[in-house]
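Here the structure comes first, spelled out in structure tokens, and everything after it is commentary.
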Amino acid sequence: MDRPDAPPPGAGMPGPDRGPEPAAGERRFTVSYLTRVEGEGSLHLRVRDGTVLEAKLGIFEAPRYFERLVVGRTPDEVIDIVARICGICPVAYQMSAVHAFEDAFGVAIDPSVRALRRLLYCGEWIQSHALHVYLLHAPDFLGYPSAIAMAADHRAVVERGLALKKVGNRIISVLGARSIHPVSVRVGGFSHVPRRDELERLRPALDEAIELARETVAMVAGFRAPDFSRQPRLVSLRHETEYPFNEGRIVSSDGLDLAPGRWDDAFEEEQVEYSNALQARTKEGQVYLLGPAARVTLAGDRLHPLAAEALERTGLREAIRTNIYWSIAARAVELLHAVAEAREIIDAYRPPAAPAVPWSPRPGRAAWATEAPRGLLFHHYQVDERGLVAAARIVPPTSQNQAAIEQDLALFAPRVLDLPQAEATLRLEQLIRSYDPCISCATHFLDLTIEES
Amino acid sequence: MAGPAPSVPPAVARPRVGVVKFASCDGCQLTLLDLEDELLEIAARFDIVEFPEASSSRSEGPYDVLLVEGSISTPEQAEQIIELRRQAKLLVTIGACATAGGIQALRNWADHDAFRAAVYPRPEYVASLDRATPVADHVPVDAALRGCPIGIGQLRELLTSLILGRRPEIRDEAVCAECKRRGAVCVLVATGTPCLGPVTQGGCGALCPRWGRGCYGCFGPREGANVASLTGTFLAGGRERPDVGRLFAGFTAWAEPFRTVVGELGGVAGASNAGGGGGADAGRTAGAGAATGGGAGDPGNPGAGRTAGAASDPVAGGHDGQA
């Protein structure tokens with residue numbers, strides 16, 4: 001994991017001031033603006049005599065107040081608005097919202113619409129995972145500051161990533177008119193559904209993508225990652241028959257089993273001073289981890305046979321569970337899964353009788369969780385007598401992972417303290433990127449400072 | 001574009017480009033990475049010196065071209081944009097947040113402290129300005145790409161024009177014109193679906209009408225748009241004033257004349273609701289207030305489980321949006 005150049009201090013978009021000068025004997029490590037993550041965050045670590053006193057993942061992405069912006073709006077308006085929380089995973093926001101409302105209103109969607117919703121999610125997973133694996137994360141393993149710099153020596157690798165990303169974006173665009181903030185998801189179904197031939201046109205690109213995704217799994221399995229093993233508490237959805245996207249129960253590595261709308265029975269959020277994000281923990285105060293590593297561990301038996309086979313060939317199943325650096329392998333396996341599943345959905349597609357079924361709102365609680373590319377995304381709305389949202393709570397995956405990231409930073413930091421400052425800081429920033437944090441999402445959410453006492 | 005006309009960019013062999021963001025979802029800068037077929041060619045033609053979402057190599061400038069995403073929403077951002085403007089020969093805003101304020105500008109009608117308290121149990125930890133505003137409210141802007149997100153074709157055209165040293169060819173026409181050219185059925189005429197196409201700047205390719213729904217105005221108002229006529233049509237169809245106001249209260253609500261429509265018809269907590277519909281809005285206010293203040297005591301309240309913050313009325317003290 002060598003990379004030549006660390007970010008220079010005081011570059012174009014600085015974070016906020018990280019407080020007073022270190023006390024005598026303290027060492028401080030700071031990354032004031034984390035790069036190759038979505039959104040704006042920082043890392044701050046304070047160390048004395050080789051002991052980590054404090055590890056903070058700061059999130060200075062400006063607050064945008066989405067939970068208030070949706071008050072007084074109709075369910076369909078909410079679906080459009082919450083997409084804007086994140087340009088990388090807008091479909092995830094649309095999916096958690098639409099399922100919450102449909103569950104609350106007793107709407108039974110057409111099975112073909114259900115399949116198209118899964119296909120839409122496949123498209124988002126493919127573009128988001130390809131973006132992270134190739135453009136944001138692989139440069140850490142291959143020793144470059146960016147995918148563009150990496151392309152000078154590894155052009156075929158970058159082109160493969162871009163080709164995969166494009167397939168994901170094409171799927172989203174066919175269903176939702178555009179790949180970022182697609183427009184067609186409505187309560188009851190879609191505003192418009194594709195004809196069979198429009199989906200079949202994706203088939204050749206998906207056939208090619210199967211091979212590209214297999215090569216991706218093989219490539220990342222050949223990377224060298226630090227030996228950093230721990231036993232995280234993992235949380236994801238788990239479905240009786242499917243790999244979890246839109247549906248399933250909330251399960252954990254220590255036996256939790258909840259309906260997808262009951263996240264708040266077991267978890268809660270708290271606010272910390274240095275962050276514009278709220279951090280989540282279990283009600284017992286325990287830290288947990290979401291995302292590809294959690295899903296592969298808790299629902300790996302539901303992977304598409306092609307993805308399951310590729311995972312077995314890597315021999316990394318246990319490493320994925322215990323070492324966050326290997327999340328890149330989990331992401332690659334899921335990329336293959338999403339491509340394979342997308343192809344099957346397209347082959348089986350019959351257009352629904354109507355793009356959407358009629359529905360009417362009911363007052364009360366509307367809550368659901370789906371699996372965003374970065375992990376479980378919980379939405380909870382209170383709907384009033386007029387069918388408008390009266391209150392909302394949105395819990396994105398990155399704010400749930402934030403405490404786990406800080407815990408891992410504190411655990412990992414002692415290994416790098418003997419390295420030169422810039423090198424140590426870089427290693428810590430790489431650890432954070434392994435989580436694929438999406439800071440835009442969590443702000444209501446990232447800047448790296450390490451301080452040594 | 002309603003914004004300043006794009007000026008002819010400087011003729012530079014390999015322009016130094018920065019891509020930065022303020023309050024936003026990252027979607028518009030992601031559009032650059034979504035140019036999958038051209039990305040490596042773009043990287044060869046442009047020296048991308050600052051793009052923290054995609055690269056750990058950083059630069060404080062100067063930049064030949066600076067692409068700015070996001071609206072100005074915190075005191076730090078208001079300072080940073082001034083310094084970035086000094087470093088940029090050509091500053092281009094990308095997307096509805098930077099160009100029009102974005103969805104977060106809906107808070108501009110409301111009482112900011114109450115908004116903060118509704119989301120954060122300890123609002124004093126969060127620094128943000130009373131209003132989320134477009135970049136052009138702070139510094140001169142040379143060109144603006146609209147949309148939520150920007151149109152990928154318009155971004156390609158902008159980059160091409162920068163290389164060729166000519167003005168970008170961005171059509172000034174309504175979404176309706178794009179609809180007609182593509183032979184799409186008019187959703188307003190055919191199904192009575194409210195559509196902002198007649199008053200909205202084109203550039204998306206009339207995506208919403210072609211996908212069976214009304215345009216929601218994400219490219220913002222056309223200059224000289226006759227919104228009075230369109231709102232009149234919607235109201236004559238028997239819709240309530242706040243229901244019509246909400247149609248305009250989207251991703252470009254803070255851009256005139258949409259801003260005036262929202263202010264007059266209501267539909268956003270804190271926007272005035274002159275001439276009717278006040279009762280409905282009052283009901284919404286009470287609901288929102290209760291939800292905001294409820295906190296820990298009410299298991300049905302999404303806010304429950306967060307330490308309760310200041311339970312001030314989120315709406316009563318709101319701005320009228322016209323200041």
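The values are calculated or read from the model by the stated rules, or taken from the named source; none is laboratory data. Computed from a predicted model, the values in this text were never measured in an experiment. Cβ sites come from the backbone with ideal geometry, for glycine too, and all protein chains shown count toward neighbours. All accessible areas refer to the heavy atoms of the entire protein, side chains included, with ligands and DNA or RNA removed. Shrake-Rupley method; radii C 1.70, N 1.55, O 1.52, S 1.80 Å.
Worth pointing out:
- Residues in the protein assembly as shown average 32 Å² of solvent-accessible surface per residue, probe 1.4 Å, ligands and nucleic acids excluded.
- Pairs of alpha carbons in the protein assembly as shown whose separation is greater than 40 Å (percent): 27 percent
- Computed from phi, the 3J(HN,Hα) profile of the range A:385-394 under the Karplus parametrisation 6.51, -1.76, 1.60 (θ = phi - 60°) reads 4, 8, x, 9, 6, 9, 7, 8, 9, 10 Hz, with x in place of Gly and Pro.
- Extension gain, A:SER360 back to A:ASP301 (0.36 nm per residue minus Cα-Cα distance, nm): 17.5 nm
- Counting only the Cα atoms, the range A:252-403 fills a convex hull of 151 Å³ per residue.
- Mean residue ellipticity (222 nm) of chain A, computed from DSSP H runs ≥ 4 via -39,500 (n - 2.57), nearest 500: -12500 deg cm²/dmol
- Shape call, the range A:319-363: gyration tensor on alpha carbons, a/c limit 1.5: oblate
- Debye intensity ratio I(q)/I(0), log10, the range A:186-249, q values 0.11, 0.17, 0.23 Å⁻¹ (C-alpha model): -0.60, -1.07, -1.07
- Note on the range B:19-143: Cα-Cα pairs beyond 25 Å make up 29% of the total pair count.
- The range A:332-449 - Rg (one decimal) and Dmax (whole number), Cα, Å: 21.1, 65
- Under 5 Å from the amide H of A:VAL52 lies no amide H of any residue 5 or more positions distant or on a separate chain, with H modelled from the backbone and absent for Pro and chain starts.
- For the pair A and B, total buried accessible area rounded to nearest 100 Å², probe 1.4 Å: 7000 Å²
- Full-extension gain in nm, B:ASP113 to B:ALA127, via 0.36 nm per residue minus C-alpha separation: 4.0 nm
- For the range A:92-107, 3J(HN,Hα) computed residue by residue from phi via the Karplus equation (6.51, -1.76, 1.60; θ = phi - 60°) reads 4, 5, 5, 6, 4, 5, 5, 5, 4, 5, 5, 5, 5, 8, x, 8 Hz, glycine and proline entered as x.
- Across all directions, the average flat footprint of the convex hull enclosing the Cα atoms of chain A is 20.2 nm².
- The heavy atoms of A:ASP49 present about 130 square angstrom of accessible area, all protein chains included, probe 1.4 Å.
- In the complete set of protein chains, residue-level accessible area for A:LEU311 is approximately 0 Å², probe 1.4 angstrom.
- Surface calculation, 1.4 Å probe, protein heavy atoms: A:ARG36 sits at approximately 0 Å² accessible.
- Hz values of 3J(HN,Hα) by residue in the range B:214-219 - Karplus curve (6.51, -1.76, 1.60), Gly and Pro given as x: x, 4, 10, x, 6, 8
- Shielded residues, the range B:85-108 - accessible-area loss of 50 Å² or more between chain alone and all protein chains, probe 1.4 Å: B:ILE103
- Counting Cβ atoms of other protein chains within 10 Å of each Cβ in A:388-400 and taking the mean gives 4.
- Here the range A:65-158 is treated as an ellipsoid with the same Cα gyration tensor; its semi-axes, largest first and in whole Å, are 36, 17, 8.
- Difference of contour (0.36 nm per residue) and Cα-Cα distance, A:ASP153 to A:ARG415: 91.3 nm
- Fraction of the pair-distance distribution of the range B:41-109 above 18 Å, Cα-Cα pairs, percent: 46 percent
- Measure of compaction for the range A:67-118 (Cα Rg per 2.2 N^0.38 Å): 1.18
- The range A:310-391 - Kirkwood radius from inverse mean 1/r over Cα pairs (Å): 16.8 Å
- For the range B:74-225, the relative contact order comes to 22 percent (Cα pairs under 8 Å, sequence separation of at least 6).
- Just so you know, the Cα atoms of the range A:247-339 work out to an Rg and Dmax of 15.2, 46 Å.
- Along each principal axis, taking the top coordinate minus the bottom one, the Cα set of the range A:139-286 gives 48, 47, 34 Å in descending order.
- Where labels lie 7 Å past Cα in the beta-carbon direction, separation of B:THR193 and A:SER173 in nm: 2.1 nm
- 5 angstrom amide H check on B:CYS215, placed H, neighbours 5+ away: B:LEU196, B:GLY197
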